[in-house]
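Trainee: Pasting in a structure now, in structure tokens, and then I'll have a few things to ask.
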Amino acid sequence: MALMGGQLTQNEEHGRLISSITIVVWFCALFSIFKSVQYDGPLRLIAMLPCVYVISFWRLKNYLLRFRPGIITLNIILFLRYVIMPVTIFDEADAGALSQITHLSDALCLMVYEEICVFATIFWVSRKLDRKITLRAKAVHICTNTFFFYVCVVVFVVLCFLYPALIGSWGAFTGEFEMEELEAVTNTNGVIRIAFGLLEAVIALWVIDWCRYKYGKRASNLYPLIATVTVIAYLLLIQMGSVRISRWQLVVCGAAMFALLVSFFPRNKKLFIFTLLLPSCLIILFVTGIKNLGYDLAGEQEISVKGDLSNAYFAGPYNVSAAISLAEREQADRVPLWNDLLYGLPGISRTIGYKGTSSYLFNKVYYGDNRHNDAIIPLIGQSYYYFGPILSPILSVLIVFFLLIYDKKYVTTANDDIRKYIYAYIAIWLGIQSILNVTICMSWVYQRVIPLVIILWMFAPRMKTRVLY
């Protein structure tokens, strides 16, 4: 299409963005290939990761480049893991030692196998889901229940007075927690902590839904501004209330709120980008930097390097090879799958215990002792541990399958429906699971998704809507 008024049309901007991304991907892939030939042995296999990615990206760009929260998140994670991670490994001073890792070739082959299965799932499931799209004619609105909102505010205030440690402090941004704060939060009943986080989300969603309702009556920029301030306050409370430097909670909630605001107020995208998206990214980078500089929970600096950091953040070959080593241990050391699936369920977690999960055994292999427990067993490694090499991508395939399902729910739900937050939240959370694992995934489902779904089902009425995608 031609230029209009000297500016690029939306299609031309989209095309240029695709071209730019493709060039970056190809450059990183060629760089990885060039560097890999300098190493001997199995380390050369790492070049397969960006090669498979760039070929799949080129073939599936119509399914990958969509404005849907889950697929956008998955794209970012896949790019970081399969393109950026190999490059950062080569730039590390200890990259040569990486070639001496046990099961390195098996780990790299397993990662390539998972990558192929993930892209194949995206292609197959997206084609199936695109054949039939039904727009929903009813929306869920929570702002119509004013009494419920007042009850939530009163309970929230009471909990703030009874358990002030749950509010947290600015130490969450620097990692400098007082031991009294940590003990107070740790000793608080888990159900109270879940209820406190749920009330934060419900109150924020009610205010945003109220702004959406008022904006529909009178299109004033005041209401998107109020909604933005509400989200900022909500994200600050999330970060201040964390007992450790947790970024995933801030990332998922912030991205889901951004998707909700864009749906409610599509004309104010730039406002949300500059007031929510960019500041959130800066905060996440700042907190990550603080953690990687080696600050422990007491605020004292320590040496915090264990191999390559890119392996830890992007579920690289070091972590995958450690999971393979764990799977080759004696059968007597194995834990059942339901331990990992149910560990995050309140009331059950104490019965199972952390020592009854694969994460505990993985840390023993990863560190060689029982003194550390911060390493995360990758999803592909956990799947290999339970299902063996042939079925090792099954958890990754299931994660991508449900991600695409909830992405479709997000698109087909009315754009004034509060459930868009739930669908975006689930899709975004599933999008980062390839660098986490099913234990962490199910913990969030039990503690955050299910309670919020129940609340909306009980107290948010369904109403007809005229605004549809």
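The values are calculated or read from the model by the stated rules, or taken from the named source; none is laboratory data. Bear in mind that the values here come from a model prediction, so they are computed numbers and not experimental data. Quick reminder, even Gly has a Cβ in these numbers, built from the backbone with ideal geometry, and neighbours come from all protein chains shown. What goes into the accessible areas is simple: the full protein's heavy atoms, side chains included, and nothing from ligands, DNA or RNA. Shrake-Rupley method; radii C 1.70, N 1.55, O 1.52, S 1.80 Å.
Trainee: Using a Förster distance of 60 Å, how high is the FRET efficiency between PHE31 and PHE147, based on the Cβ-Cβ distance and rounded to 0.05? Walk me through the numbers on the way to the answer.
Mentor: Numbers: r = 60 Å, r/R0 = 1.00.
Here the calculated transfer efficiency is 0.50.
Trainee: Would you mind checking which residues have amide H under 5 Å from ALA139's amide H? H placed 1.01 Å from N; only 5 or more apart, or other chain.
Mentor: The answer is MET463, LYS464, THR465.
Trainee: Something else about it: With the cut-off at 22 Å, tell me which of the pairs LYS214/LYS269; LYS128/LYS408; LYS35/LYS364; LYS61/LYS420; LYS132/LYS217 have Cα atoms farther apart than that.
Mentor: On the way: LYS214/LYS269 18 Å; LYS128/LYS408 11 Å; LYS35/LYS364 32 Å; LYS61/LYS420 25 Å; LYS132/LYS217 33 Å.
Beyond 22 Å between Cα atoms: LYS35/LYS364; LYS61/LYS420; LYS132/LYS217.
Trainee: In addition: Would you calculate the separation in nanometres between label points at CYS160 and LEU80, each defined as 7 Å from the Cα along the Cα-to-beta-carbon direction?
Mentor: 3.2
Trainee: Kindly list the residues of region 365-384 that lie in the label zone of ARG334, defined by a backbone N under 20 Å from the point 7 Å along the Cα-to-C-beta vector.
Mentor: 365-366, 377-384
Trainee: What nm value, rounded to one decimal, do you get for the distance between ARG66 and LYS214 when each label is placed 7 Å out toward the C-beta?
Mentor: 3.5
Trainee: Please give the per residue accessible area of region 337-469, computed with a probe of 1.4 Å over protein heavy atoms only, in Å². Write out the running numbers ahead of the final one.
Mentor: Values: 5780 Å² over 133 residues.
Counting only protein heavy atoms, the per-residue value for region 337-469 is 43 Å².
Trainee: Short version: ³J(HN,Hα) in whole Hz for each residue of region 107-115, in order, from phi by Karplus 6.51 cos²θ - 1.76 cosθ + 1.60 (θ = phi - 60°), x for Gly and Pro, what are they?
Mentor: Each residue of region 107-115 in turn: 5, 5, 4, 5, 5, 5, 4, 4, 4 Hz.
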